[in-house]
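What follows is a single structure, written as structure tokens, with notes after it.
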Amino acid sequence: PPPLLPILDVADLWDAKGQRKIEAEVKTFEKRFPQIRWRICAVALGSDVSLPLFGFWLMNVSPLLPGESGEDREWTVLLLVDSNSGKTSVTTGYRAEVWLSDEMWGNALEEILEPFSKGHPDKAVVLFLRKAKRLFESAWRRSKKQLSAK
């Protein structure tokens with residue numbers, strides 16, 4: 001398996017301008033939540049491949065990048081986009097997975113549907129990242145309330 005680069009476009013889904021838009025949105029997200037490590041990957045899989053299972057495999061077997069630690073991988077969120085089916089999937093590392101429920105990730109993934117179907121895959125990812133940021137903000141506020149209540 002390849003290393004999980006910040007953007008891994010195996011399916012040639014995003015042009016250079018689109019990748020820059022996505023990178024800028026990731027930087028905005030990371031200013032607020034620097035512990036979260038985004039990995040965004042476009043693949044072209046066969047119809048018989050489970051995208052969530054592929055994401056779990058990729059997250060766990062991809063070699064670490066130089067300077068990346070095991071703890072960094074635990075804070076990683078992998079967004080997979082299958083260019084063949086138009087399906088998307090999120091796989092989270094063990095430390096990141098406690099912040100958002102599967103339902104919340106599903107809500108964020110809904111942001112991808114319309115722009116992706118209209119041929120704007122970069123805009124789709126940007127909107128997803130913005131929704132994910134709002135959901136993390138909400139989760140952070142909830143956790144602060146729970147801590148202060150104790």
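Summary table
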{"item": "Filtered residue count, region 17-45, keeping only those that are closer than 17 Å to Ser83 by Cα, open to solvent by 30 Å² or more (accessible area, probe 1.4 Å) and not in a loop (DSSP other than H, G, I, E, B)", "result": "1"}
{"item": "Residues of region 100-150 that turn out to be in contact (Cβ under 8 Å) with a residue 60 or more places away in the chain, under 26 Å from Ala11 (Cβ atoms) and of a type outside the set (Asp, Glu), as a count", "result": "8"}
{"item": "Boolean, Val98 is of a type outside the set (D, E, K, R) and not in a loop (DSSP other than H, G, I, E, B)", "result": "no"}
{"item": "Criterion: modelled with pLDDT of 95 or more, under 23 Å from Ser117 (Cα atoms) and assigned to a loop (DSSP other than H, G, I, E, B) - qualifying residue of Asp48, Asp12", "result": "Asp12"}
{"item": "Residue count for region 46-64, restricted to those that are in contact with a Leu (Cβ under 7 Å, 6 or more places away or on another chain) and open to solvent by 20 Å² or more (accessible area, probe 1.4 Å)", "result": "1"}
{"item": "Residue satisfying all of: in region 70-100; β-branched (Val, Ile, Thr) and closer than 16 Å to Trp140 by Cβ; surrounded by the fewest Cβ atoms within 10 Å (Cβ to Cβ) among these", "result": "Val98"}
{"item": "Per-region count, region 1-25, residues hydrophobic (A, V, I, L, M, F, W, C) and free of Cβ contacts under 8 Å to residues at least 24 places away in the same chain", "result": "2"}
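The values are calculated or read from the model by the stated rules, or taken from the named source; none is laboratory data. Everything quoted here is computed from the prediction, not taken from an experiment. Don't worry about glycine lacking a Cβ; one is built from the backbone with ideal geometry, like all the others, and counts go over all protein chains shown. SASA here: full protein model, heavy atoms, side chains in, ligands and nucleic acids out. Shrake-Rupley method; radii C 1.70, N 1.55, O 1.52, S 1.80 Å.
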